[in-house]
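Participant: The structure follows.
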Amino acid sequence: MEFSTKQIAEMLGGSVEGNPDLKLKNFNKIESAGPDALTFLSNPKYAHFLYSTQAGAVLVANDFVPEHEVSTTLIRVENPYAALAQLMRMADALLNTHPCGIEQPSFIAEGVEIAPDCYVGAFAYVGPGAHIAPGVKIYPQAYVGRGVSIGANTIIYPGAKIYHGCRIGANCIIHAGAVIGADGFGFAPEPDGTYSKIPQLGIVEIADNVEIGANTTIDRATMGHTSVGKGTKLDNLIQVAHNVEIGQNTVMASQSGIAGSAKIGSNCMIGGQVGIAGHITIGNKVNIGAQSGIHATTPDGQTIMGYPAINARQWMRNSAYVNRISELFQRVTTLEKNCKK
Amino acid sequence: MEFSTKQIAEMLGGSVEGNPDLKLKNFNKIESAGPDALTFLSNPKYAHFLYSTQAGAVLVANDFVPEHEVSTTLIRVENPYAALAQLMRMADALLNTHPCGIEQPSFIAEGVEIAPDCYVGAFAYVGPGAHIAPGVKIYPQAYVGRGVSIGANTIIYPGAKIYHGCRIGANCIIHAGAVIGADGFGFAPEPDGTYSKIPQLGIVEIADNVEIGANTTIDRATMGHTSVGKGTKLDNLIQVAHNVEIGQNTVMASQSGIAGSAKIGSNCMIGGQVGIAGHITIGNKVNIGAQSGIHATTPDGQTIMGYPAINARQWMRNSAYVNRISELFQRVTTLEKNCKK
Amino acid sequence: MEFSTKQIAEMLGGSVEGNPDLKLKNFNKIESAGPDALTFLSNPKYAHFLYSTQAGAVLVANDFVPEHEVSTTLIRVENPYAALAQLMRMADALLNTHPCGIEQPSFIAEGVEIAPDCYVGAFAYVGPGAHIAPGVKIYPQAYVGRGVSIGANTIIYPGAKIYHGCRIGANCIIHAGAVIGADGFGFAPEPDGTYSKIPQLGIVEIADNVEIGANTTIDRATMGHTSVGKGTKLDNLIQVAHNVEIGQNTVMASQSGIAGSAKIGSNCMIGGQVGIAGHITIGNKVNIGAQSGIHATTPDGQTIMGYPAINARQWMRNSAYVNRISELFQRVTTLEKNCKK
């Protein structure tokens, strides 16, 4: 794929300042782009790179005024970051077309219908009674258990595993190594100290437009379903325990975990390595700082942090005070001496 | 599968209050059960759902007295939760029968014997010299390395990987994506700043009745074995480093990690996202709160929490005081002013 | 494999004290070794085991003086631990030879060349345009996407997944279940509360001599590459987000995570369960204690710890003071009473 600066400017409704015939082949960050790469300048923090960049061309805002001479070609647009994202989506659509058809050897149980625009990669397994909608892409070595249903255009990347009976919506992306529907961690303690397994008879239900990161695990419910709402995005290595319900458009960063039966609202933003206790409720639009531990039900709109988590500002203030705690001990010791006098 | 309320009451030695001929098809939580579902009421916290539930029938205790009129059918039993677990085990045995036989294509090394009641799924790999006991179920895409032994009736779910030489007991469950026996993280620093690998020649040894969660990793020992004792249950995404020894009937929640050569006792309860340092010993019946960091050997029977972990009550008290630390700074400042007078 | 104590002493340039004809078959820890095992004594903490060990022979330092009578055979060498590591490498080379050849069924795209000393296991997938150098070992069920390049003698263990276009150096080890090159977690918030995916068009680039632990995930860059420098060793279940750059010879323990666009220096030592925030820079030779949370750029050579991380000694001092915080509250209350008088 190759476009000239002029062609790119036309696609974006922008204008070229410099060489209009320069051929560009890829995208890169401003500090590491080469002469055949397009880059962008959006954050003023990176502006100093503009004067030394090796990039063929740089997307800048219409009103951007350089402070020094610029040797690279500029493409001026309304919003450089949005323009870049638009170009990246176009490039992605051109470059990363998913395959169609059934690669051999793969395993598709008798009676399962696979539409011609689907892909089933080599060594993929589709169990009996699975329902695979049109446009679904099942990459090599993925596992779709018996009775699983997968909505239209969903992509299952290599080696993802979906246990029996789970339901995945349309336009979802399940990354490599994700495990959907393994048994919830449910055991009844016996008088002799052993544990007996409580069967996990429920399923996992994932709504449309959900993305699930690599090696993330979402356990099936004891009864009913563990659910992930429409448009929610989960990063890599996340744990979602049995019976959890997550709302819509909630984003959750890597290595966070939600314990059993917790309910998470919609439009939350949850940092990395957060732990959420079982059986509590997190409201809508709650923001949780990285590495926090949430032990209690939290109302809508809160921004919380810490272990145990409290209001984020208060936590930051407390942390600053804790860093001065030795000073406080000394001041108290001094006071005690003075008071004795 | 379908049973009447009367049939269920008979199975459980209970009695029906309401419609004895109602057909029930599944289980669900009291707040989301539909007219063909059986649910239960055990925790009084959920009692208010009884008066609005759509469930066909509800298991309640013999001595339960409703506060309002109830429109659903009740099945009275001694212990509703235990009765439900009993029914769920029966349903599980009926519904979730594991397959038998060898699916093609799979890879079974020459000379490995597979009993007729075993299952080897498509794309599963069983290496040379592996010993597979009767009743073992090896799901699709699982990997059983050379010389691995697996005890009777153990289930290896899709895509679990067991490296060469490891030993798994009987009646174990290894969930999808778990990795048993990868190399321990052992490197010797060289004078030039590089690291040279120390071969990890030991194995992992897992006793009977152990359950290992999805994407959990248990590394092989440098020498000898990393071991997990009988009846121990590990949740998803747990890390067990090389040379670790875990006792019997210990339960460990998701995303916790145990560093190299630590010893964990029996009958411990370890919360999620806990970190346990290397080369320390945790006694028997130790309870560890979620997200704690354990840096020191801990005697039997302790309940600990925090980072670094201390007695759980003391930690909770300290946390409450830390939340008031700005107040303390102010009080000291006031005292300093007053003392100067 | 079997060697006599005399043969072992000759290989190591050491001397036998005891039975020179004893046959040894394996290695083990001093406390659990049996009569056909060789063990070592390096750490004086373990010296008391020498008098009760069942080991056939024990490597000890030339200048070691036993305090009691010893019934086992001693092999005296300059440095027992280094001698053991040398023997283990020899044993590893003898015992753990990797297979050669192409097992069937496997999937190798047309036009991909596989040298005779390579191994491609059953159910492994090698996509179109992949470049596989001589000596590469691709274990069963591993996935090598289109256009991936893998350097000489690199080992890809069972079920590891490498997405399209990523580049892996020579002499690397990628453990089971690791996912290299899944999409970075990049989404643009839309006015209606939904998120639109930002295509991740970059790759992951891993230099030579890198080891990647089981189920670790390294995301592809938005543009350009996420990179891991020469000789760096990552343990299991680690998250490396998009656009991260890690230097050379850095070691990172299990379950740590690095958020997007962070830069990590060379020769760092990072403990387990550490979280590193996005867009910050960690210098060279930085040591980070387990479970720390790093929120800020950190210069070369620091040793830091805590959440948020500070100088490790200061953090330990603060933690000790926090454990006495209730005492401080009481002292201040006492002062307030006394001052009022």
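The values are calculated or read from the model by the stated rules, or taken from the named source; none is laboratory data. Quick caveat: nothing in here was measured; it's all calculated off a predicted structure. Methodologically, a virtual Cβ is constructed for each residue, glycine included, from the backbone with ideal geometry; neighbour enumeration extends over all protein chains shown.
Participant: Where residues in region C:168-206 are assigned to a strand (DSSP E or B) and among the β-branched types (Val, Ile, Thr), which of them is nearest to the other protein chains (Cβ to nearest Cβ)? Give the derivation first.
Facilitator: At the first step, the residues of region C:168-206 found to be assigned to a strand (DSSP E or B) are C:168, C:173-174, C:179-182, C:187-189, C:195-197, C:203-206.
Narrowing the set further to residues that are among the β-branched types (Val, Ile, Thr) leaves C:168, C:173-174, C:179-180, C:203-204, C:206.
On the way: C:ILE168: 15, C:ILE173: 7, C:ILE174: 10, C:VAL179: 4, C:ILE180: 9, C:ILE203: 11, C:VAL204: 12, C:ILE206: 16 Å.
Ranking the qualifying residues of region C:168-206, first place goes to C:VAL179.
Participant: Then there's this: Looking at region C:295-320, which of the residues that are part of a strand (DSSP E or B) and of a type in the set (A, V, I, L, M, F, W, C) is farthest from the chain's Cα centre (by Cα)?
Facilitator: Step one: list which residues in region C:295-320 are part of a strand (DSSP E or B), which gives C:298, C:303-306, C:309-311.
Within this subset, residues satisfying the condition of being of a type in the set (A, V, I, L, M, F, W, C) are C:304-305, C:309-310.
Numbers: C:ILE304: 20, C:MET305: 20, C:ALA309: 23, C:ILE310: 25 Å.
Here the answer is C:ILE310.
Yes/no per residue for (1) under 25 Å from A:ASN96 (Cα atoms); (2) not β-branched (Val, Ile, Thr):
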| site | (1), (2) |
| --- | --- |
| C:ALA182 | yes, yes |
| C:SER196 | yes, yes |
| C:GLY213 | no, yes |
| C:GLY229 | no, yes |
| C:LYS233 | no, yes |
| C:ASN243 | yes, yes |
| C:THR250 | no, no |
| C:GLN255 | no, yes |
| C:GLY265 | no, yes |
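Here's the yes/no breakdown for (1) surrounded by fewer than 20 Cβ atoms within 10 Å (Cβ to Cβ); (2) within 11 Å of chain C (Cβ to nearest Cβ):
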{"residue": "A:THR39", "(1), (2)": "no, yes"}
{"residue": "A:ALA47", "(1), (2)": "yes, no"}
{"residue": "A:LEU50", "(1), (2)": "no, no"}
{"residue": "A:ASP63", "(1), (2)": "yes, no"}
{"residue": "A:ILE75", "(1), (2)": "no, no"}
{"residue": "A:GLU78", "(1), (2)": "yes, no"}
{"residue": "A:LEU84", "(1), (2)": "no, yes"}
{"residue": "A:LEU94", "(1), (2)": "yes, yes"}
{"residue": "A:CYS100", "(1), (2)": "yes, no"}
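Participant: While we're looking at this one, here's another question. Just checking, which of A:ASN209, A:ASN243 is within 11 Å of chain B (Cβ to nearest Cβ), crowded, with 23+ Cβ neighbours inside 10 Å and either without any contact (Cβ under 8 Å) to a residue 40 or more places away in the chain or part of a loop (DSSP other than H, G, I, E, B) (or both)? Can you show your working first?
Facilitator: Values: A:ASN209 fails: within 11 Å of chain B (Cβ to nearest Cβ).
Among A:ASN209, A:ASN243, only A:ASN243 is within 11 Å of chain B (Cβ to nearest Cβ), crowded, with 23+ Cβ neighbours inside 10 Å and either without any contact (Cβ under 8 Å) to a residue 40 or more places away in the chain or part of a loop (DSSP other than H, G, I, E, B) (or both).
Participant: Going through C:THR297, C:THR333, C:THR303, C:THR281 one at a time, which residue ends up being among the hydroxyl-bearing types (Ser, Thr, Tyr) and not assigned by TED's automatic domain parsing to the domain that holds C:VAL228? Give the steps one after another, and end with the answer.
Facilitator: Details: C:THR297 fails: not assigned by TED's automatic domain parsing to the domain that holds C:VAL228; C:THR303 fails: not assigned by TED's automatic domain parsing to the domain that holds C:VAL228; C:THR281 fails: not assigned by TED's automatic domain parsing to the domain that holds C:VAL228.
So the residue among C:THR297, C:THR333, C:THR303, C:THR281 that is among the hydroxyl-bearing types (Ser, Thr, Tyr) and not assigned by TED's automatic domain parsing to the domain that holds C:VAL228 is C:THR333.
Participant: Another one. Only one of (1) surrounded by 17 or more Cβ atoms within 10 Å (Cβ to Cβ); (2) more than 10 Å from chain B (Cβ to nearest Cβ); (3) touching a Lys or Arg at 6+ places or on another chain (Cβ under 6 Å) fails for A:GLY283. Which number is that?
Facilitator: (3)
Participant: The conditions are (1) in contact with a Ser or Thr (Cβ under 9 Å, 6 or more places away or on another chain); (2) closer than 18 Å to C:TRP315 by Cα; (3) of a type in the set (Lys, Arg), and A:ARG324 fails exactly one of them. Which is it?
Facilitator: (1)
Participant: Let me ask something additional. Of all residues in region A:259-280 being among the hydrophobic types (A, V, I, L, M, F, W, C) and within 14 Å of chain C (Cβ to nearest Cβ), which is farthest from C:VAL274 (Cα to Cα)? Show your work before the answer.
Facilitator: So the first thing to find is which residues in region A:259-280 are among the hydrophobic types (A, V, I, L, M, F, W, C), and the list is A:259, A:262, A:264, A:268-270, A:274, A:276-277, A:280.
From what's left, within 14 Å of chain C (Cβ to nearest Cβ): A:268-270, A:274.
Numbers: A:CYS268: 23, A:MET269: 20, A:ILE270: 17, A:VAL274: 12 Å.
My answer is A:CYS268.
Participant: Is it fair to say A:ALA122 is modelled with pLDDT of 95 or more, of a type in the set (A, V, I, L, M, F, W, C), surrounded by fewer than 19 Cβ atoms within 10 Å (Cβ to Cβ) and part of a loop (DSSP other than H, G, I, E, B)? Break it down stepwise before answering.
Facilitator: Working: modelled with pLDDT of 95 or more: yes; of a type in the set (A, V, I, L, M, F, W, C): yes; surrounded by fewer than 19 Cβ atoms within 10 Å (Cβ to Cβ): no; part of a loop (DSSP other than H, G, I, E, B): yes.
In short, no.
Participant: Identify, from the list B:MET11, B:MET1, the residue that is surrounded by fewer than 19 Cβ atoms within 10 Å (Cβ to Cβ) and assigned to a helix (DSSP H, G or I). Spell out how you get there, then give the answer.
Facilitator: Details: B:MET1 fails: assigned to a helix (DSSP H, G or I).
Among B:MET11, B:MET1, only B:MET11 is surrounded by fewer than 19 Cβ atoms within 10 Å (Cβ to Cβ) and assigned to a helix (DSSP H, G or I).
Participant: A further question follows. Quick one: how many residues across region A:154-202 are touching a His at 6+ places or on another chain (Cβ under 8 Å) and either within 19 Å of B:SER254 (Cβ to Cβ) or among the hydroxyl-bearing types (Ser, Thr, Tyr) (or both)?
Facilitator: 11
Participant: Oh, and also: Can you report the number of residues in region B:268-278 which are buried (at least 20 other Cβ atoms within 10 Å of the Cβ), of a type outside the set (A, V, I, L, M) and either outside the structural domain of B:LYS233 (by TED's automatic domain parsing) or in a loop (DSSP other than H, G, I, E, B) (or both)?
Facilitator: Count: 4.
Participant: Restricting to region A:41-99, name every residue that is of a type in the set (A, V, I, L, M, F, W, C), without any contact (Cβ under 8 Å) to a residue 40 or more places away in the chain and assigned to a helix (DSSP H, G or I).
Facilitator: Across region A:41-99, the qualifying residues are A:ALA47, A:PHE49, A:LEU50, A:ALA82, A:ALA85, A:ALA93.
Participant: Let me ask another. Give just the number: which of (1) at negative phi; (2) without any contact (Cβ under 8 Å) to a residue 40 or more places away in the chain; (3) more than 10 Å from every other protein chain (Cβ to nearest Cβ) does C:GLY301 not satisfy?
Facilitator: Of everything listed in (1) at negative phi; (2) without any contact (Cβ under 8 Å) to a residue 40 or more places away in the chain; (3) more than 10 Å from every other protein chain (Cβ to nearest Cβ), C:GLY301 misses just condition (1).
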